[in-house]
Amino acid sequence: MMFATSSSSDEFQSNEMELDLDEDDDESVGSVVENKSFWDNQHQILQTNLYRTGSLESRLRNATKEAVRDIQQNTKMVCSCSTQITVRSTCRNCLLLQVSRRLQNAGYNSAICKTKWKTSPTIPSGEHTFLDVIDRTNKKQDVRVIIELNFRAEFEMAKASEEYNGLVRKLPEVYVGKVERLSNIIKVLCMGAKRCMKENKMHLGPWRKHKYMEAKWLGPCKRDTSTTFLSIGYSEVMMPKPKAKASLLTVDLLEKLPNMHCTAVEVL
């Protein structure tokens with residue numbers, strides 16, 4: 001199933017500046033006062049979009065965190081590569097599948113989404129996998145909520161400035177929010193990354209650009225609602241029950257009294 005994203009709505013605060021975040025320019029980074037004003041503004045916009053959430057997002061956030069916590073605490077749950085399933089596990093597919101399954105059991109229309117994009121003049125090709133939930137209780141239109149289990153790490157940069165790292169530290173590890181909210185958060189972080197690289201007189205990698213980051217979650221995607229474990233080789237560790245052993249005394253009695261019907265029992 002292909003799913004296209006919608007545009008931003010008025011309920012989310014965004015940057016008022018209409019600009020191409022990926023366009024390279026030779027402008028200076030401005031004075032100290034201008035830089036401070038820029039970072040203060042980015043922090044304010046980010047905080048507004050992170051904390052003003054609706055009831056649907058709050059319920060889904062709690063359900064997602066509970067699912068992740070249960071998976072982490074289940075030490076008998078492993079994937080086909082024998083890796084314990086955690087948020088930072090290398091086997092991301094197993095974790096996504098388990099969380100999606102738990103959300104479906106809770107009554108949500110959850111699916112594993114995969115975006116894939118081709119190389120363009122400004123960004124390289126790539127693909128990304130995450131979760132979403134489609135809520136159809138709204139009579140006007142469907143509401144799509146994006147779930148990213150490793151959100152903060154997607155924006156971390158080596159040799160970043162303290163101002164940019166301050167933005168990243170505000171991000172939750174597990175993001176659960178509407179498409180419009182995510183779009184504004186991406187814009188804030190990408191503007192911050194661009195300013196950070198300019199201040200450090202460094203080149204901004206194409207995988208850090210606004211178009212690339214948007215393509216990860218907001219591009220056309222395929223939704224897979226299947227929760228079949230065998231599709232990714234999922235298994236649970238099951239220990240066989242030990243067999244009861246007959247004692248030497250029991251064996252001796254059976255040999256001397258062959259006509260008696262005796263039941264061998266284990267002597268502790």
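General remarks:
- Legend: residue pairs Lys178/Lys211; Lys118/Lys194; Lys118/Lys159, Cα-Cα distance threshold 21 Å; pairs beyond threshold, Lys118/Lys194; Lys118/Lys159.
- Each 10 Å bin, from zero up to the one with the longest distance, holds this percent of the alpha carbon pairs of region 88-162: 15, 36, 32, 15, 2.
- Added length on full extension, which subtracts the Cα-Cα distance from 0.36 nm per residue, Gln44 to Lys118: 23.2 nm
- Per-q log10 I(q)/I(0), region 124-193, q = 0.12, 0.22 Å⁻¹ (Debye; single scatterer per alpha-carbon; no solvent): -0.39, -1.03
- Inter-probe distance in nm under a simple model that places probes 7 Å from Cα toward Cβ, at Glu127 and Ser226: 1.4 nm
- Here r is the Cβ-Cβ distance between Asn200 and Thr53 and R0 is 45 Å; the resulting FRET efficiency, rounded to 0.05, is 0.85.
A short reminder: the numbers here are calculations on the coordinates, not readings from a lab. Just so it is clear, the model here is predicted, and its values are computed rather than measured. Ideal geometry is used to build each Cβ from the backbone, glycine not excepted, and the neighbour counts take in all protein chains shown.
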